[in-house]
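Each remark here refers to the structure printed beneath this line.
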Amino acid sequence: MKIFLDTADIAEIRRATEAGLIDGVTTNPSLMAKLGAEREPAELFLEICEAVDGPVSAEVVVLDAEGMIEQGRRLAKIHDNIVIKVPLTEAGLRACRTLTNDDIRVNVTLCFSPTQAHLAAKAGATYISPFIGRIDDVAGDGMELISQIRQIYDNYDIETEILAASIRHPQHMVQALLLGADCGTLPPKVLYQLLEHPLTDRGLEGFMADWKSLGREL
Ligand code: E4P
């Protein structure tokens, strides 16, 4: 499964890239806003694209299809890694179809139902982003949605990749892996939680202490 880092924080992106942990990046307007207004968005997207060898989702910030197409085409010129993120609305799907016809990859975001995921695929989406955590937040079952989309896409040999989004904790990741999501996007905190285990720490402490007691150099 491909792992994307869900952040616009360049330091976090570099840290994860240098450790070989990520295959791409997703951003959204809220993640961009967290950084403040100091950076020019296009410059930041370019810096992110140069830091990671993989898709970088950049989201449009208008509601009409023509505006999304215009912003999408402009964003796509920044770097070959750019994937245009559009919302799962009628206008978003129209923009998805046009941008896809222009050979621009599209990530359709804010997906909350299997029928939405099916329509996004018909509109040519490269990625569909079901928001697992936000469904769980309203007492729904985010993983059930991943499972339904996986079955639908498999039934019809749909190539759109399922990008499990709004991942909030390691168990979301385990379930997404087991259900066959193609990609998962997660915040830095969750990424590092995935590699932690107390038995690893305890085992390492033991190895280091035993080696020290041997009193030899390697
Ligand atoms: C995905 O592309 C979104 O940026 C993200 O996963 C949303 O996560 P949140 O629900 O934790 O904001």
Magnitude of the Cβ-charge dipole (Lys and Arg +1, Asp and Glu -1) of the range 2-214 about the Cα centre, nearest 20 debye, reported as 160 debye
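What's the whole-number percent of alpha carbon pairs in the chain lying beyond 23 angstrom? Write down the numbers at each step before the final one.
Numbers: 11616 of 23653 pairs.
Percentage above 23 Å: 49.
Pairs Lys2/Lys85; Lys34/Lys122; Lys77/Lys189: which are spaced more than 26 Å apart, C-alpha to C-alpha?
On the way: Lys2/Lys85 17 Å; Lys34/Lys122 33 Å; Lys77/Lys189 31 Å.
Pairs exceeding the cut-off: Lys34/Lys122; Lys77/Lys189.
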HN-Hα couplings for the range 152-161 via Karplus (6.51, -1.76, 1.60; θ = phi - 60°), in whole Hz with x for Gly/Pro, come out as 4, 5, 5, 4, 10, 6, 7, 8, 3, 8
Along the dipole axis of the chain (charges at Cβ: +1 for Lys and Arg, -1 for Asp and Glu; origin at the Cα centre), the most positive-end residue among Pro187, Ala123, Ala16 is Pro187
For the chain, longest principal axis from Cα atoms; helix 198-214 axis from its Cα atoms; angle between them, nearest 10 degrees, is 30 degrees
Listed by chain and number, the residues whose amide H is under 5 Å from that of Lys2, excluding neighbours fewer than 5 places away on the same chain and using placed H, are Cys183, Gly184
For the range 45-61, in residue order, the Karplus 3J(HN,Hα) values (coefficients 6.51, -1.76, 1.60; θ = phi - 60°; whole Hz; Gly and Pro = x) are 4, 5, 4, 5, 4, 6, 8, 10, 8, x, x, 10, 7, 10, 9, 6, 10
Sorted by accessible surface (1.4 Å probe, heavy atoms of the protein chains only), largest first, Tyr127, Tyr156, Tyr192 come out as Tyr156, Tyr192, Tyr127
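Taking a probe of 1.4 Å, how large is the accessible area per residue of the range 2-214, in Å²?
Each residue of the range 2-214 exposes 52 Å² on average to a 1.4 Å probe.
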Sorted by chain and then number, the residues having a modelled amide H within less than 5 Å of the amide H of Glu59, at least 5 places away or on another chain, are Lys85
Around Ala91 (Cβ within 13 Å, Cβ-to-Cβ, excluding Ala91; K/R +1, D/E -1) the net charge comes to -2
Between Asp102 and Lys2, the two model label points (7 Å from Cα along the beta-carbon direction) sit apart by a distance in nm of 2.0 nm
Judged on accessible area alone, 1.4 Å probe, highest first, Arg39, Arg94 line up as Arg94, Arg39
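Counting only protein chains, not ligands or nucleic acids, how are Ser113, Ser30 ordered by accessible area (probe 1.4 Å), most first? Numbers along the way, then the final one.
Working: Ser113 30, Ser30 80 Å².
So the residues, ranked largest to smallest area, are Ser30, Ser113.
The values are calculated or read from the model by the stated rules, or taken from the named source; none is laboratory data. Just so it is clear, the model here is predicted, and its values are computed rather than measured. Reconstructed Cβ throughout: ideal geometry from the backbone, glycine too, with neighbour counts over all protein chains shown. Quick note on the areas: whole protein, heavy atoms, side chains included, nothing else; ligands and nucleic acids left out. Shrake-Rupley method; radii C 1.70, N 1.55, O 1.52, S 1.80 Å.
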